[in-house]
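Participant: Here it is, the structure, as structure tokens.
The values are calculated or read from the model by the stated rules, or taken from the named source; none is laboratory data. Remember, it's a predicted structure, so these values are computed and weren't measured experimentally. Here the Cβ positions follow ideal geometry from the backbone for every residue, glycine too, while neighbour counts run over all protein chains shown.
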Amino acid sequence: MNVTDVLLDQLREAPWNPNEADEATMRRLAASIGRFGTVLPLVVRPLGDAFEVIGGNQRLRLYRGRGVTVVPCVVVELDEFQAKLLAQGLNAIHGVDDLNRKADLVRDLLASLPEDEVSAILPDSLEALRSLAHLGDHPGSLAARLGNWSGQEGPRLERVSFPFTPAQREIVEEAIAQAMPRVRAVEEPNRRGLALVEVCREWLQDRRPQPVVSIEATQTTSEGVPS
């Protein structure tokens, strides 16, 4: 992979890029760039006398406000359709964390660095990070259960994404907050996910078909007493 320095003024955002980031994500990205600088090059393609950004449009926006003049880039020769295909692949491909190893990693981070510095960069809330760091402290915790399943096909957590408007997200967050007290496993790092499951379970229970009562069972005698 050849990395080439490209002048910031030559870089253009892709107008067709569907990937967006909310304010919280942009703050974490800005904190990461502020602490570590540019550790990943942008992926771009030549377009006339400029370069169109295929991967890294959010970082490009942040660079413009930080006095950056030169950006490391990987230049690929792709037509528009191949560029769109690659961009969507870069936006959508994510792995799944092993919770045992993630718990060890987070525990080391919180023991070595200020908590606010860690939570400023990582996407998890500080409460979730603390819970994750203590995942193996109690018998029967998720970490212990996963350890017992070593070498077996244990359950894996999967991330599910839904697009919301700000108003819709506010409703979802309120529902999760109200369901949180029902999640008894306070050391569970996925408490918000479990709370959302409780909301969905309650919704389904309220809308399950009611048992059909036969007409014969409700027929009454002439005195008005059920037969």
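Participant: Going through the stretch 36-73 one residue at a time, which ones are at positive phi and surrounded by fewer than 16 Cβ atoms within 10 Å (Cβ to Cβ)?
Facilitator: If the condition is that a residue be at positive phi and surrounded by fewer than 16 Cβ atoms within 10 Å (Cβ to Cβ), then GLY37, GLY48, GLY67 are the ones that fit.
Participant: If you don't mind, another one. Regarding VAL183, is this residue within 22 Å of the chain's Cα centre (by Cα) and at pLDDT 85 or above?
Facilitator: No; evaluated as a whole, the condition is false for this residue.
Participant: Next question. For residues in the stretch 74-133 being under 18 Å from the mean Cα position of the chain (by Cα) and of a type in the set (Ser, Thr, Tyr), which is surrounded by the most Cβ atoms within 10 Å (Cβ to Cβ)?
Facilitator: Restricting to residues being under 18 Å from the mean Cα position of the chain (by Cα) and of a type in the set (Ser, Thr, Tyr), the top hit is SER131.
Participant: Just to confirm my filter: which helices (runs of 4 or more DSSP H) fall fully inside the stretch 54-123 and include at least 2 residues that are in the same structural domain as TRP16 (by TED's automatic domain parsing) and at pLDDT 85 or above?
Facilitator: Fully inside the stretch 54-123 and qualifying: 57-64, 80-92.
Participant: Given the criteria under 15 Å from LEU99 (Cα atoms), surrounded by 12 or more Cβ atoms within 10 Å (Cβ to Cβ), out of contact with any Leu (no Cβ under 9 Å at 6 or more places or on another chain) and at pLDDT below 75, does ASP137 qualify? Give the derivation first.
Facilitator: Numbers: under 15 Å from LEU99 (Cα atoms): yes; surrounded by 12 or more Cβ atoms within 10 Å (Cβ to Cβ): yes; out of contact with any Leu (no Cβ under 9 Å at 6 or more places or on another chain): yes; at pLDDT below 75: yes.
Criteria met by ASP137.
Participant: Starting from the stretch 120-147, keep only residues that are over 30 Å from ILE33 (Cβ atoms), then list their pairs with residues that are modelled with pLDDT of 75 or more and not polar (S, T, N, Q) whose Cβ atoms are within a distance under 7 Å, requiring at least 6 positions of separation or different chains.
Facilitator: Matching pairs, first to second residue: GLY136/ALA103; ALA143/ALA103.
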